[in-house]
Structure formats: structure tokens, C-alpha cells
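Colleague: Below you will find the structure I want to go over with you.
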Amino acid sequence: MVIGQKKGIFEMVGELIKSCQFYGYAVIQILIEPRQFFSELPGNTTILKSLGFCVICSIFHVASSLLTGEYKNPVSMGSVLFVNSIGMVAVSSILSYITVVMILKKKVHFERFFSINAFASGVVLLFSWVSVFMWFTEPWKWWLVYTGLKNSCGFAWKSALTVLILTMVVQFFFIYSLYLAFYK
């Protein structure tokens, strides 16, 4: 394509179809064979694809939650749910990255941590709109993150477990401190 030349409608539709195929492939692979998916992740994704996957799953989560719940103000509740689902991916990614850099002293690109957390959280968001599933989806998400750390980053099981536990503990106390600051 020449610089300045506009894309035709068929080219844009083709790119949209390729993106949807990737997201469908990602969901199926994570559900069927997460180890293989996370092994192939470094060469198959960018931070935009990961963010796009998480946004699509978040929209599904928000729509499902709003359709099954009774909220006085669905627009504000939908906004809170959406920001929460994307925000928790960002918080988890940042905490994982800080843990690896500060404690394990390893050099790994932040993009990889974001992708691992985005894909793990995204798949879980497809099911977590059912309230009782939280007891199953949250441990599943953390197992997917652990699998991603081992297979995408090449960490040994002890290093991956250390990153996972420290991230979970720091994240818990961060959320608890927010609760104390705003609700007590």
C-alpha cells in the first residue's frame, strides 16, 4: 500500500475478520490447551491485541452482568464494571512486573506480563459474571497466570510461584487499603 492511499472497505473488513479469528482462536486455545497457548504467546501477540482481547471480554462481562442483575443506574454500574475489569489487569501486570524486576532481578518486557494477565483475565471474565462462579474463576485465573509465567517467560516453577504469590498478596493489601480509605 502506498503512503496516503486509503484502505478499501474490503481490506478493512478483512482485517476485522482476522482480528475476530485471533480472539476466537485465543479463547479456544486457552480453554483447551493453555500451556501451548502461552508457549506461543510471545511470537503471536502485541500489547494492542492483548488489550483488544481484554476489552472484548470485558464488554461481554459487563453486558452479561447488566442483563442478569437489577441495578438502579445500569450506565454507571456498567462503567464501574468495565473500568474494574480493565484496571485489575493493569494492576496485576504492574505488580507482577515490579516483583520480577525487584525481587527476581530478571529482565522481561512489560508487554509480556500485560499479555499474560490480559488473556488469563479475559477468558475468566467470560464466566465470572455468574456470581457463584467467582469461587472457581479466580483460582483458575491465577493458575492461568502461573502457566503463562512458566511458558511465556520461561520461569522455573519456584520463580513463577513466587511472582504469583507476591502479586496476589500485594494486590490484596492494595485493595484492602482502598477499602479502608474510602469506606471506613
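Colleague: Quick one, which of (1) 170; (2) 132; (3) 106 is the actual volume of the Cα convex hull per residue in Å³ calculated for this model?
Modeller: Of the listed options (1) 170; (2) 132; (3) 106, (1) comes from this structure.
Colleague: Which entries in K107/K158; K72/K141; K49/K107; K106/K141; K18/K105; K49/K72 show an alpha-carbon gap greater than 26 Å?
Modeller: With Cα atoms farther than 26 Å apart: K72/K141; K18/K105; K49/K72.
Colleague: Given a Förster radius of 22 Å and the C-beta distance between T68 and E33 as r, what FRET efficiency does 1/(1 + (r/R0)^6) yield to the nearest 0.05?
Modeller: Approximately 0.15, to the nearest 0.05.
Colleague: In addition: Taking a label point 7 Å from the Cα of V132 along the Cα→Cβ vector, which residues of segment 43-79 have an amide N closer than 20 Å to it?
Modeller: 64-70
Colleague: Once you have all Cα-Cα distances for segment 43-111, histogram them in 10 Å bins from zero and send the whole-percent values.
Modeller: Calculated over all Cα pairs of segment 43-111, the distribution is 18, 37, 27, 14, 4 percent.
Colleague: What net charge do the residues around V100 carry, taking every other residue with its C-beta under 11 Å from that of V100, with Lys and Arg at +1 and Asp and Glu at -1?
Modeller: Counting the neighbours of V100, the net charge comes to +4.
Colleague: Using 0.36 nm per residue of separation minus the Cα-Cα distance, give me the extension gain between A181 and N84 in nm, one decimal.
Modeller: Here the segment from A181 to N84 would lengthen by 33.2 nm.
Colleague: Can you tell me the FRET efficiency between F110 and I17 if r is taken as the Cβ-Cβ distance and R0 is 25 Å, rounded to the nearest 0.05?
Modeller: Calculated transfer efficiency: 0.25.
Only the coordinates and a few stated rules stand behind these numbers; no lab work does. What you see is a predicted model; the values in this text were computed from it and never measured. Counting neighbours? That spans all protein chains shown, and the Cβs are built from the backbone with ideal geometry, glycine included.
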